[in-house]
1. Could you calculate the FRET efficiency of residue B:9 with residue B:286 from 1/(1 + (r/R0)^6), where r is the beta carbon distance between them and R0 is 22 Å, rounded to 0.05?
2. Give or take rounding to whole Å, what are the principal axis extents of the alpha carbon atoms in the range B:67-135, in descending order?
3. Take the Cα atoms of chain A, find their three principal axes, and give me the spread along each one in whole Å, biggest first.
4. Which whole number in µm²/s is D for the range B:172-362 by Stokes-Einstein, with the Kirkwood Rh taken over Cα pairs at 4 °C and 1.567 mPa s?
5. Determine the gain in length on full extension of the stretch residue B:19-residue B:110; use 0.36 nm per residue of separation and subtract their C-alpha separation, reporting nm with one decimal.
6. With axes computed from alpha carbons, what is the tilt in degrees of helix A:237-246 against the longest principal axis of chain A, rounded to the nearest 10 within 0 to 90?
7. Taking each residue in A:104-111, count the Cβ atoms of any other chain within 10 Å of its Cβ, then average. What number comes out?
8. Quick one: among B:258, B:73, B:296, which has the greatest mean-square fluctuation in a GNM of chain B with alpha-carbon springs under 10 angstrom?
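Bear in mind that the values in this text are calculations on the coordinates, not laboratory data. Keep in mind that this is a model prediction, so the values were computed, not measured. For neighbour counting, all protein chains shown are included, and Cβ atoms are generated from backbone atoms with ideal geometry for every residue, glycine included.
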């Protein structure tokens, strides 16, 4: 069963000059973690704001939890939890006051849905009399998640929840999401600019310039990558990238942290490339074949 | 409307979380009713005067004495000639010169008239005008005295006996305190809801509210009601201060003061919300509110009376709710007007209240 279904959604800003969404189609199944992966400006937040009934689409339809985002927005607001990218709880109220406030505006109490937030809230409970503004980044995020969950929503929307969060907290956060999915069968839509987090999702959509490049399971996306992918290193990495792009048989070349990732024709072999690079004066040359990551797939689909 | 209760609890908690905002609720009425009426008084006193006495008779000496003992004038010097006195005026040591001609006593008794020249520095028009009036009054009174003493009738141009209604002492305080109260209310009740609302926008907390089932009327009311209660406290507190400090009490009904205050507070706070709904940042909202408050204050009759403005300007002030509240409160404080007499003020205020409230609710969009 689909908890969200979106058909041909369009949205423009500045009287049509900026196209934020150029016809997006997708479904989110009940009880899955659906990831929207894409760089800044891909249209992730616009899509979130339409699905959370904060923004009206120009055309196309979207249903959340069986309700239309335009006509039945009031029903949607009762059944979704939204955590905006920016920390947006009341900084001058305490941890407990924030949680109680968000419970009461949904006409419920902390006690009623405590089982949902227990795991997360327990970690910040020792600081429940501290003002939200005085919490550390990781704790703020836990509080925001608790507040988004306290009314037992059917779908959780998390807009870049891990942006600006340290790697340890990011890992913890994903573990919390996995638990919510397994224990409560909660449907979660999460966006992130970090490609490495994509593997944590059940299905992902790669997004770029207001369009979906592909929608599949992370493994499915990797499996559909048909090119041969090599990683190349040498003593002069900067010059190497330009030279690789000029080399015959190399289809694409991108800098990936400490090495360059290249896709090659069947005509090119390890030894042939190594010889060419030695001729160009490179030293300490390392070439290996690797399995692609989501980021490789993204780069590939982008072209 | 179930959530309104919780929204209000939250607003009150936030209002009293810091000490600066609650301090303002006490400081503003205190400053406006205690301090300002003492400083910004339109009574003119300590006017510096120079006398040129060319006659040196008992009549002229007594006049000089009268002027120097008046509570309005400071007798600065007795000059020998006009050039000397004019020099003092040029230097700013005196603002008034009275020249008594030679032979004033003789002329007075023989011919029944005498001439004096009054020179007034009217750079500050109000000071000059009022000083001129005071001097004329002193001279007229002196003439009357002389008449009674001698039994000799001197022609006086007119016999003016002013009788000031409603404020017999021409006391400035009961006139200004109601106006200052209105000014304090628009300052706090206009600015604070506007800034509160925009701060939710700036911090992004409004996003979290927008995805909840909380209705817009509920949300707007939760922003306004706390300030309405504070506004009524300020009205009561200001009246208490005016009574205890200046012994100024409304001649009319206190209930009427509160009735007008309720409608007025509703209008200005809703205006604040409208401004906030169209602003994205604190800076925009604050500047817009400054614009409204300054224009409203200056065209309200607080400083210069509405009736002395040009006709077109008088028509424009009809758009200004502050004009109506100041007029109404002054009538209640000084004349003790009744509700029916104040309907010309009450009806426009109610219209502005309804219009601004409706606009405040409808200009708030949860959805873009």
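1. Working: r = 27 Å, r/R0 = 1.23.
FRET efficiency, residue B:9 to residue B:286: 0.20.
2. For the range B:67-135, the Cα extents along the three principal axes come out at 38, 24, 21 Å.
3. 73, 45, 36
4. For these conditions, the coefficient is 75 µm²/s.
5. Values: separation 91, 0.36 × 91 = 32.76 nm, distance 7.59 nm.
Between residue B:19 and residue B:110, full extension yields 25.2 nm more.
6. Once rounded, one gets 70 degrees.
7. That average works out to 4.
8. Result for chain B, Cα springs under 10 Å: B:73 fluctuates most.
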